[in-house]
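Since the structure comes first, as structure tokens, the remarks are kept for the end.
None of the figures in this text is laboratory data; all of them are computed from the coordinates on show. The shown structure was predicted, so the numbers you read here are calculated from the model rather than taken from an experiment. A quick note on method: Cβ atoms are made from the backbone with ideal geometry, for glycine too, and the neighbour counts reach across all protein chains shown.
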Amino acid sequence: MKVIFVGHPGSGKTYAATNLAKRMGVKELDIDVLLHNWIYFLFKKPYRTALHELLKDKTAWIIDGYAGKRLPASLWDEADHIVYINLPKSELKQNIYNRYKFKKTNRERTHGQELFTNVLKNIWQIYILDHSLKRCIHSIRHSPNANKLVEVCSRQNLSILLDNLSSES
């Protein structure tokens, strides 16, 4: 099974993708981690290499990331499911703050950035890049891939969906 998770920062894309990948025993790729790396902007090779490695498996893979323009158009056609995690903005902000507190307690860094900078960037993305994400979802809804799109609007529904997808594989 091939699944793409999209949504705002703090929506749980990476959590869902990692969780499902472990259940299914398949590879998972977080394109946001790759694209936040400064090397990507200089060479773009790590992104292409990681994507190529993931796609070697023609039967199953999982990709998660903020928006679709970063993915080749062929992947949308190839995916079996496209999951759009659409949580309320207040919940997204709270999730980002909770992640910040957890990582600060554990003295972690995020994508090679200072935590506070990363929190500001994620909050900015929720509001400023919202239009881009909605445009991506709109184009999927009006494409031959519309039947693959599943919109999830709560953590509980996401948990149910993960259970259904893992039992499907």
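General remarks:
- Qualifying positions in region 64-100 - over 15 Å from L133 (Cβ atoms), of a type in the set (A, V, I, L, M, F, W, C) and surrounded by 19 or more Cβ atoms within 10 Å (Cβ to Cβ): A79, I96
- Residue tally, condition in contact (Cβ under 8 Å) with a residue 60 or more places away in the chain and more than 16 Å from V83 (Cα to Cα), over region 124-148: 5
- Remark: pairs (first residue in region 85-103, farther than 18 Å from Y66 by Cβ; second residue charged (D, E, K, R); Cβ separation under 9 Å; 6+ apart in sequence or on different chains) = F102/E108; K103/R109.
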